[in-house]
Structure formats: C-alpha cells, structure tokens
Amino acid sequence: MHTLSVTLKYRPLRIGWCVVAGDFAGFRSAARQSFTMWGGRYNPIIPVDNAELAEQLVTLYRVDMLIDISGTDATKAFVEAHRHLRNPLHHPLFYPRIHGANKSAAIVDLQHPIARAYGEYYRNNPKAESGVDAYQWDEASEW
C-alpha cells in the first residue's frame with residue numbers, strides 16, 4: 001500500500017506596495033499598513049518608476065499580491081501587468097467595523113492575537129494577571 005505525504009509550510013501573506021518616486025505620503029501609508037500585519041517587514045515597497053528594480057523586488061520577495069498605493073497611471077499599469085497578483089479580496093485591506101469607529105483588517109494582522117488573548121484571559125476574569133513582561137534598560141549602563 002502506498003502512502004502519500006504532504007508537507008505544508010505557512011508564511012504570512014506578502015504584499016507589494018506599489019508607489020511612484022516622490023510619493024512620500026504613499027510611502028508612509030504603505031509602511032504604516034505593512035507594520036500592522038504579521039510578517040509586515042517582508043512586504044516590499046515597490047518603486048514602479050524603475051521597471052527592472054520593481055520586477056526584481058516582486059521576484060525576490062515572492063509577492064502574493066500587489067496594492068496600488070499612489071493611484072497613478074504608472075502604478076495602475078504595473079498592477080495590471082501582473083494580473084495574477086491583483087488583490088483577491090475585492091475590497092480594501094482594512095474596513096470599518098460594524099459596531100464602532102475602529103477599522104478591522106481583512107487579513108491576519110496584530111489585532112487578531114491581541115483580541116484572542118483578551119477573549120481567552122481577560123474578558124471574564126477581572127483578576128487576571130497581565131502575563132506580559134515589560135523590560136526597561138538604563139541607557140547610561142554598559143553591557
């Protein structure tokens with residue numbers, strides 16, 4: 001009898017943020033959104049003005065989807081040229097919650113583990129200990 005073995009390796013979704021040169025507001029928006037997600041530091045900000053560099057970044061980081069941040073013709077054309085990497089969600093990455101003004105993520109972000117910890121340990125336990133250690137170092141001390 002034959003046995004089939006399958007090994008799966010999980011990694012967070014990799015998002016390529018498409019910006020044009022000089023769009024500092026777009027760059028900042030991409031960085032802020034990226035660092036709210038698991039594995040966000042591996043989401044490249046792709047300057048579409050340099051076509052060769054942009055292609056290399058998409059390949060190097062194995063991008064799973066491209067998001068047009070700048071909203072220019074150049075970024076739209078770059079995303080359209082990579083149809084297989086378009087946003088499969090068909091809605092923004094962050095959307096308003098039904099019961100509040102805060103936004104919720106459509107993909108795995110840092111809010112999910114925090115909400116889970118709250119629900120499991122703190123919501124119905126008024127005397128719960130934090131379970132989180134915060135360390136501070138004296139800047140003047142030497143190692």
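Okay, residues lined up against (1) in contact (Cβ under 8 Å) with a residue 24 or more places away in the chain; (2) open to solvent by 100 Å² or more (accessible area, probe 1.4 Å); (3) touching a Ser or Thr at 6+ places or on another chain (Cβ under 9 Å); (4) hydroxyl-bearing (Ser, Thr, Tyr):
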residue	(1), (2), (3), (4)
Val19	yes, no, yes, no
Trp38	yes, yes, no, no
Arg41	no, yes, yes, no
Ala54	yes, no, no, no
Asp68	yes, no, yes, no
Phe78	yes, no, no, no
Leu89	no, no, no, no
So Leu4 ticks every box in (1) assigned to a loop (DSSP other than H, G, I, E, B); (2) within 24 Å of His84 (Cβ to Cβ) but one. Which box is left unticked? (2)
Name the single residue that is farthest from Ala74 (Cα to Cα) among those in region 1-28 being modelled with pLDDT of 80 or more and among the aliphatic types (A, V, I, L, M). Leu13
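Give region 29-53 a look and list any residue that's of a type outside the set (A, V, I, L, M) and closer than 23 Å to Ala77 by Cβ, or say none.
Once the filter is applied, which keeps residues that are of a type outside the set (A, V, I, L, M) and closer than 23 Å to Ala77 by Cβ, region 29-53 yields Ser29, Gln33, Ser34, Asn43, Pro44, Pro47, Asp49, Asn50, Glu52.
The values are calculated or read from the model by the stated rules, or taken from the named source; none is laboratory data. All of these numbers come straight from a predicted model, not from anything done at the bench. Don't worry about glycine lacking a Cβ; one is built from the backbone with ideal geometry, like all the others, and counts go over all protein chains shown. The protein model used for the area step is the full one, side chains on, heavy atoms only, and it has no ligands, DNA or RNA in it. Shrake-Rupley method; radii C 1.70, N 1.55, O 1.52, S 1.80 Å.
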